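Down below is the structure, laid out as structure tokens.
The values are calculated or read from the model by the stated rules, or taken from the named source; none is laboratory data. This structure is a prediction, so every number in the text was calculated from the model and none was measured. Here the Cβ positions follow ideal geometry from the backbone for every residue, glycine too, while neighbour counts run over all protein chains shown. Each accessible area value is taken on the protein alone, full model and side chains, heavy atoms only, with ligands, DNA and RNA left out. Shrake-Rupley method; radii C 1.70, N 1.55, O 1.52, S 1.80 Å.
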Amino acid sequence: MNKEVLDQKVNDFMAKVIAKNPSEVEFHQAVKEVVESLIPYIEEHPKYKDGKVLERICEPERVLMFRVPWLDDKGEFQVNRGFRIEMNSAIGPYKGGLRLHPTVNLGVLKFLAFEQIFKNSLTTLPMGGGKGGSDFDPKGKSDNEVMKFCQSFMTELQRHIGPDTDVPAGDIGVGGREIGFMFGQYKRLRNEFTGVLTGKGLEWGGSLIRPEATGYGATYFAKEMLATRGLEIEGKTVVISGSGNVSQYACERVTMYGGKVVTMSDSNGFIYDPNGIDAEKLAYIMNLKNVKRGRISDYATKYGVEYHEGKTPWGVKCDIAMPCATQNELNEADAKVLVANGCYCVSEGANMPSTPEAVEYFLEKKILYGLGKAANAGGVATSGLEMSQNSLRLSWTREEVDQRLHQIMIDIHKTCVKFGKEEDGFINYVKGANIGGFVKIADSMLAQGLV
Ligand code: NDP
Ligand code: 2IT
């Protein structure tokens with residue numbers, strides 16, 4: 001299909017999506033990226049076109065939106081908005097994280113739920129797509145306030161979820177602490193001890209390696225991409241954004257492979273440590289972020305390195321970039337600076353961190369560009385492994401889970417190569433992941449009839 005015809009078809013399709021979902025800009029962005037990959041494929045496979053699979057897949061199966069009232073430490077009423085997007089259950093129960101951040105709205109969660117459909121399919125595990133969360137801001141809240149919020153949130157959510165229906169997990173602002181509070185409340189209300197959430201504590205049904213899984217997985221994916229060009233992580237300089245769960249374990253795994261991580265960031269700015277963030281310095285960051293809940297700027301004071309307030313780290317010279325903070329954190333100008341400075345590999349720990357213009361530039365320059373729905377699938381894959389262990393009432397060893405995770409990332413890479421390799425040998429991971437994730441969903445929807 002020539003570019004003009006494709007653009008016309010994409011624009012026609014998007015006009016309908018935009019009219020139906022006005023002002024949900026992140027959702028439009030996520031859908032557009034996928035349909036650009038899928039329309040040429042669907043033209044060659046008319047059963048998907050006749051079955052209106054693309055139209056159906058863009059419509060959530062169910063959207064839940066609810067009030068979350070809670071009392072703060074002063075005894076004052078607070079109210080937030082809670083959501084759960086049950087996007088697609090063609091291949092398994094809805095599965096996906098919960099995000100607590102003031103920027104959360106319907107459009108953001110629909111983009112994340114939409115991405116999750118394809119990502120979960122790529123893992124090869126039986127999980128549908130979902131996402132949820134709230135505009136609650138955990139920053140500056142006491143443990144007691146976070147607990148009050150989580151309990152109230154779960155008081156409503158519990159009637160919609162279940163281990164065979166919908167299994168939430170963590171995302172931005174939701175880690176072990178929040179999953180604990182939510183699990184406790186679910187158990188009290190339902191009188192059931194089940195695997196209704198993943199990312200649980202080890203003592204009460206969690207899986208080894210789940211905390212590490214997204215960051216490790218994005219590193220395993222980078223390793224596979226590099227191998228296609230005879231390269232490895234050892235000796236390479238790596239720029240990471242964010243300093244939360246995904247960033248921390250990406251840093252750990254890169255360092256274990258002999259790479260040097262020189263940056264980490266938070267929403268205030270980034271630190272640049274030219275000597276590398278080694279295991280001891282990472283332990284400091286983990287304590288700072290996970291226990292003290294402080295700012296990354298403290299690292300600069302502690303280790304006497306540069307701190308750049310209000311900036312992202314993409315101007316720092318590197319071989320490999322791993323955006324691990326949030327959506328649209330890397331724009332076209334950043335992409336140009338990265339490539340000009342010699343960066344040839346991008347592995348996305350975050351969901352949709354690169355803007356469409358940045359993605360286009362990476363593809364034009366034919367660098368190794370591993371998009372989030374492939375590169376960060378290790379987190380949800382290991383959630384799938386946690387669900388399996390819960391069903392079996394068994395726990396696997398650290399080595400066993402890590403080995404399964406690693407194999408899943410290798411297999412996702414193979415799927416991307418299968419569907420994304422172009423005539424000149426360039427691997428277009430965007431195309432590969434979108435088509436590779438789509439086929440299983442689409443065939444299941446067709447088989448299930450009017451769904
Ligand atoms: P965390 O809450 O643990 O950490 C988020 C990090 O990103 C923090 O450093 C935070 O800084 C920064 N950040 C958040 N929002 C912004 C923003 N608007 N601008 C700049 N920085 C920001 O979340 P995770 O590490 O779990 O998630 C990070 C990304 O990875 C997200 O895109 C998430 O969807 C994705 N992801 C997560 C998975 C998981 O298993 N947790 C699985 C797959 C993808 P600050 O502290 O200042 O807010
Ligand atoms: O974006 C994601 O894949 C996640 N936040 C993890 C979801 C999960 O169910 O583990």
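Criterion first (in a loop (DSSP other than H, G, I, E, B), of a type in the set (Asp, Glu) and without any contact (Cβ under 8 Å) to a residue 40 or more places away in the chain) does residue 423 satisfy it? Considered against the rule, which asks whether it is in a loop (DSSP other than H, G, I, E, B), of a type in the set (Asp, Glu) and without any contact (Cβ under 8 Å) to a residue 40 or more places away in the chain, residue 423 comes out as yes.
Being hydroxyl-bearing (Ser, Thr, Tyr) and open to solvent by 10 Å² or more (accessible area, probe 1.4 Å) is the filter here, so list the residues in the range 88-140 that pass it. Answer for the range 88-140, where residues must be hydroxyl-bearing (Ser, Thr, Tyr) and open to solvent by 10 Å² or more (accessible area, probe 1.4 Å): 89, 94, 103, 124.
For the range 253-302, enumerate the residues that are over 24 Å from residue 146 (Cα atoms), open to solvent by 50 Å² or more (accessible area, probe 1.4 Å) and in contact (Cβ under 8 Å) with a residue 40 or more places away in the chain. Residue satisfying the conditions is 272 alone. The residues of the range 210-242 that are near ligand 1 (Cβ under 9 Å from one of its atoms) and open to solvent by less than 10 Å² (accessible area, probe 1.4 Å), listed by number, are 213, 215, 217, 218, 241, 242. Criterion applied to 5, 25, 79 was being of a type in the set (A, V, I, L, M, F, W, C), free of Cβ contacts under 8 Å to residues at least 12 places away in the same chain and open to solvent by 10 Å² or more (accessible area, probe 1.4 Å), and the one residue passing it is 5. How many residues, within the range 338-369, are β-branched (Val, Ile, Thr) and either modelled with pLDDT under 95 or closer than 17 Å to residue 230 by Cα (or both)? The number of residues fulfilling the criteria is 2. Of all residues in the range 69-106, those that are of a type outside the set (A, V, I, L, M, F, W, C), in contact with a helix residue (DSSP H, G or I) (Cβ under 9 Å, 6 or more places away or on another chain) and within 16 Å of ligand 2 (Cβ to nearest atom) total 11. The single condition among (1) more than 16 Å from ligand 2 (Cβ to nearest atom); (2) open to solvent by 30 Å² or more (accessible area, probe 1.4 Å) that residue 163 does not meet is (1). Considering only residues in the range 310-325 that are open to solvent by 20 Å² or more (accessible area, probe 1.4 Å) and either within 17 Å of residue 217 (Cα to Cα) or free of Cβ contacts under 8 Å to residues at least 60 places away in the same chain (or both), the one that is nearest to ligand 1 (Cβ to nearest atom) turns out to be 325.
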